[in-house]
Structures are given as C-alpha cells and as structure tokens.
Amino acid sequence: FAGCSGLTSLVVEDGNTVYDSRENCNAIIETASNTMIAGTGNTFIPNSVTGIGNYVFEECFGLTHIAIPNSVTSIGEGAFYNCSGLTSVNIGSGVNTVQKFAFYGCENLDTIICNAVEPPTVADTNAFEGVWKGLPLIVPGESVGQYQSAYGWRDFYNIVGAPVGIEELENEYKVFANNGCIAVSGAEGQTLRIYDVQGRLIISEKAADNKLYAVPTTGVYMVQVGKNRALKVAVMR
C-alpha cells in the first residue's frame, strides 16, 4: 500500500488464521509473530505488537503522530519512510533496534520521545536521514550522556532529559501531559507558570485542578507551582 496517502482503514476479516486487525487498529498484523506489516494514517499500534515490519507506513503522508508501545522491540527497515506529514513520535521503552531508513525523509518531525533507558541500536545513520537534528530528542534523564555518544543518536544536538507524562514533587501536586495539553492536580489556587524549553513564559494564572492548559507545540515544558522548583514535562499530541 506504499503511497496510498488517502487510505484510512485496513481491516482483516474475522477468522483469518494468518493476519488480524486486533483492537480496531486500522492495520494488518501478522498474528504468529505479532508484527505489524501494513498501516494507514489512522493506525494505532496495540500493546500486543512486538515488531513494526519493513516499510509499513512508507509514504503514508496522512500519518501525523505515532505512539510506539513498550511491547515493540524493533522498528523495521523503512518503517516510516518518507512520512513527510509525521510531526511527533513516541518510542516505547522496549525498542532496542531501529533499522536503516526507518525515519528517512520525515522532514517535518519536530519532536522525538524515546523512553528506552539504553539507546536503541541504530543500523545506519540514514535511519534519520532528512530529519532535523535540532529537534528536541527527549530521553530518560539518566540516559542523556548515553544518547549523546550512541551511534545514530549522537547526531541530534538538542537531547533533553525529562520524565515523560507525569512528575511528582513530595506528593504535593502532580503534573500531567496528554494530547498537547498540561494539567496540574493538587495545586488549586496557587500561581501556575508554564515555560517553554527556552525559558519563555507561556502561561501564568491561578491553578485549577485538572484544568487542561493547551501549549503551542510538542516538546519539553517547565511547570512551576508557587515558589516550588519547576518540573520538566514532555508534551505529545
């Protein structure tokens, strides 16, 4: 289905013993190996998938965001080849291999989050050919140095260590990030300030429990409640 930019649905008929489209994922999965072999712009990857096959999303221009679950261990050759509409990718902690051409030509990527503590092995630097190397590459805080020296990852020069999704401070309040927004619980009435990674103030107001604060783009933000230290949070869409 390479280049079928308008394709929105892929469904394998129930009873097929070789392939399936589990959990209405809008994709084709090889049942025996739990490997996704074809996808669309509306595909999501179920937690039971362990591999993303070769050229699964090749030239799938309608794909804008993708979350790769922790169950996935490998991203196949050319998996997202020339997905020029892709702007953000969240790579699960279980991924240990990124094959050549995996993100080749993804020229509009503006955020990569990689949750793997050990940098996944990159087969060739062309895995990220055409990807802007100044985008925020968000990795576990303790792993920044490893990514800065790892083949294929060290080409990125804006590697940021940050917790992804939620951070707590002495059980006083919690910061959440989801679908392009930031929310804070346990801080109602206190002054809330949200800064971008360059230190620019984006939002300043009294906090309301679980109110969603929309931020302009994906990436890392600093959230400060009252006079407490600011917390880093990574925002995806």
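For Asn90, state whether it is in contact (Cβ under 8 Å) with a residue 12 or more places away in the chain and at positive phi.
Numbers: in contact (Cβ under 8 Å) with a residue 12 or more places away in the chain: yes; at positive phi: no.
Judged against the criteria, Asn90 is not a match.
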(request) Keeping to region 1-52, report how many residues are within 17 Å of Glu77 (Cα to Cα), small (Gly, Ala, Ser) and in a loop (DSSP other than H, G, I, E, B). (result) 3
(request) Kindly list the number of the only condition in (1) open to solvent by 40 Å² or more (accessible area, probe 1.4 Å); (2) modelled with pLDDT under 95; (3) hydrophobic (A, V, I, L, M, F, W, C) that fails for Val175. (result) (1)
(request) For Pro140, state whether it is at pLDDT 90 or above and closer than 27 Å to Ser71 by Cβ. (result) no
(request) Please state which one of Val95, Val117, Val122, Val160 is among the β-branched types (Val, Ile, Thr) and more than 30 Å from Asn42 (Cβ to Cβ). (result) Val117
(message) Filter region 120-144 down to the residues that are polar (S, T, N, Q), surrounded by fewer than 19 Cβ atoms within 10 Å (Cβ to Cβ) and not in a strand (DSSP E or B) and list them by number.
(response) Thr125, Asn126
(message) I'm trying to understand the selection: among the residues of region 12-34, which are within 25 Å of the chain's Cα centre (by Cα), hydrophobic (A, V, I, L, M, F, W, C) and modelled with pLDDT of 95 or more?
(response) Ala27, Ile28, Ile29
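Filter region 197-230 down to the residues that are part of a strand (DSSP E or B) and in contact with a Pro (Cβ under 8 Å, 6 or more places away or on another chain), then identify the one that is modelled with the highest pLDDT.
We begin by selecting, within region 197-230, every residue part of a strand (DSSP E or B); these are 201-206, 213-214, 219-225.
With the extra rule that they be in contact with a Pro (Cβ under 8 Å, 6 or more places away or on another chain), the set shrinks to 202, 219-220.
Details: Ile202: 89, Gly219: 78, Val220: 80.
Here the residue is Ile202.
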(request) Would you tally the residues in region 106-126 being under 22 Å from Leu63 (Cα atoms), modelled with pLDDT of 90 or more and under 16 Å from the mean Cα position of the chain (by Cα)? (result) 6
(message) Just to be sure before I move on: is Asn82 crowded, with 20+ Cβ neighbours inside 10 Å and assigned to a loop (DSSP other than H, G, I, E, B) in the structure I sent?
(response) yes
(request) Run Asn90 past the list (1) at pLDDT below 95; (2) assigned to a loop (DSSP other than H, G, I, E, B); (3) in contact with a Cys (Cβ under 9 Å, 6 or more places away or on another chain) and report the number of the one that doesn't hold. (result) (2)
(message) Can you tell me which condition Val98 does not meet? The list is (1) open to solvent by 10 Å² or more (accessible area, probe 1.4 Å); (2) in contact with a Gly (Cβ under 8 Å, 6 or more places away or on another chain), and all the others hold.
(response) (1)
(request) Look through Ser9, Ser74, Ser5 and report the one residue that is surrounded by fewer than 22 Cβ atoms within 10 Å (Cβ to Cβ) and under 20 Å from Asn108 (Cβ atoms). (result) Ser5
(request) Looking for whichever is in a helix (DSSP H, G or I) and either closer than 22 Å to Asn70 by Cα or at pLDDT 90 or above (or both) here; the options are Tyr147, Tyr157. Which one fits? (result) Tyr147
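The values are calculated or read from the model by the stated rules, or taken from the named source; none is laboratory data. Nothing here was measured: the structure is a model prediction, and the numbers come from that model. Every residue, glycine among them, receives a Cβ derived from its backbone with ideal geometry; neighbour counts consider all protein chains shown. These accessible areas exclude ligands, DNA and RNA; they are computed on the full protein's heavy atoms, side chains included. Shrake-Rupley method; radii C 1.70, N 1.55, O 1.52, S 1.80 Å.
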